[in-house]
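The following block contains the structure, expressed as structure tokens.
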Amino acid sequence: MGDDVTEYDQISTESLRDSAIELARRRWDLRFFWRLLGLIPAAEAAAGHQEASEASVAQLSGFVYEALSAETDPEVQEALRPFYVHYLREHGETADDVRDDGENGPGGPADPEDGRP
């Protein structure tokens, strides 16, 4: 990165966005897209659009859930199990919590104590 960041000051945000996205597409840089998706809600909140930020989180989680639901290969699903278990344990969820939530997953009744609808 030999270029000084200030050299980019004269370039529009739209051009920077388009160039970065195109480069990431050419490089198959999934990590870039994942990071970008994670930054959108924070950018909306920073711009004073709290409702849009909350909607983005809901929309992004819906996209991920839809993509994973479309994956029907049982071997792929099983290969992802350790990732799910790690995430749940990292956030203090027990196997009993998961069993109890199984009936309240997407589309099921909401838990009134978690603050979500």
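Output the number of the condition that SER53 fails; it satisfies all remaining conditions of (1) surrounded by 10 or more Cβ atoms within 10 Å (Cβ to Cβ); (2) farther than 20 Å from ARG17 by Cβ; (3) modelled with pLDDT under 75.
For SER53, the exception is condition (2).
Tally time: how many residues in the range 33-51 are assigned to a helix (DSSP H, G or I) and over 15 Å from the mean Cα position of the chain (by Cα)? Step through it out loud before you land on a result.
Let us first name the residues in the range 33-51 that are assigned to a helix (DSSP H, G or I), namely 33-46, 50-51.
Checking which are over 15 Å from the mean Cα position of the chain (by Cα) leaves us with 45-46, 50-51.
Looking only at that region, the number is 4.
Here is a follow-up. Taking the stated definitions as given, is SER15 among the hydroxyl-bearing types (Ser, Thr, Tyr) and either in a loop (DSSP other than H, G, I, E, B) or over 16 Å from the mean Cα position of the chain (by Cα) (or both)? Can you show your working first?
Working: among the hydroxyl-bearing types (Ser, Thr, Tyr): yes; either in a loop (DSSP other than H, G, I, E, B) or over 16 Å from the mean Cα position of the chain (by Cα) (or both): yes.
Spelling it out, SER15 is indeed among the hydroxyl-bearing types (Ser, Thr, Tyr) and either in a loop (DSSP other than H, G, I, E, B) or over 16 Å from the mean Cα position of the chain (by Cα) (or both).
Are there any pairs, at least 6 apart or on different chains, whose C-beta atoms fall under 7 Å, with the first in the range 62-90 and touching a residue at least 24 places away in the same chain (Cβ under 8 Å) and of a type in the set (Ser, Thr, Tyr) and the second exposed (fewer than 11 other Cβ atoms within 10 Å of the Cβ) and part of a loop (DSSP other than H, G, I, E, B), and if so, which?
Partner pairs satisfying both residue conditions: TYR65/PRO106.
Filtering the range 56-90 down to residues that are more than 24 Å from ILE21 (Cβ to Cβ) and among the polar types (S, T, N, Q), which residue is surrounded by the fewest Cβ atoms within 10 Å (Cβ to Cβ)? Write out each step before concluding.
Quick first cut of the range 56-90, residues more than 24 Å from ILE21 (Cβ to Cβ) only: 69, 71-90.
Next cut, among the polar types (S, T, N, Q) only: 69, 72, 77.
Values: SER69: 9, THR72: 7, GLN77: 12.
The selected residue is THR72.
Considering the range 92-117 alone, what residues qualify as being in a loop (DSSP other than H, G, I, E, B) and either of a type in the set (S, T, N, Q) or at pLDDT 85 or above (or both)?
Applying the first criterion (in a loop (DSSP other than H, G, I, E, B)) to the range 92-117 yields 92-94, 105-117.
Correct list: GLY92, GLU93, THR94.
The values are calculated or read from the model by the stated rules, or taken from the named source; none is laboratory data. What you see is a predicted model, and the numbers here were worked out from it, not measured in a lab. Quick reminder, even Gly has a Cβ in these numbers, built from the backbone with ideal geometry, and neighbours come from all protein chains shown.
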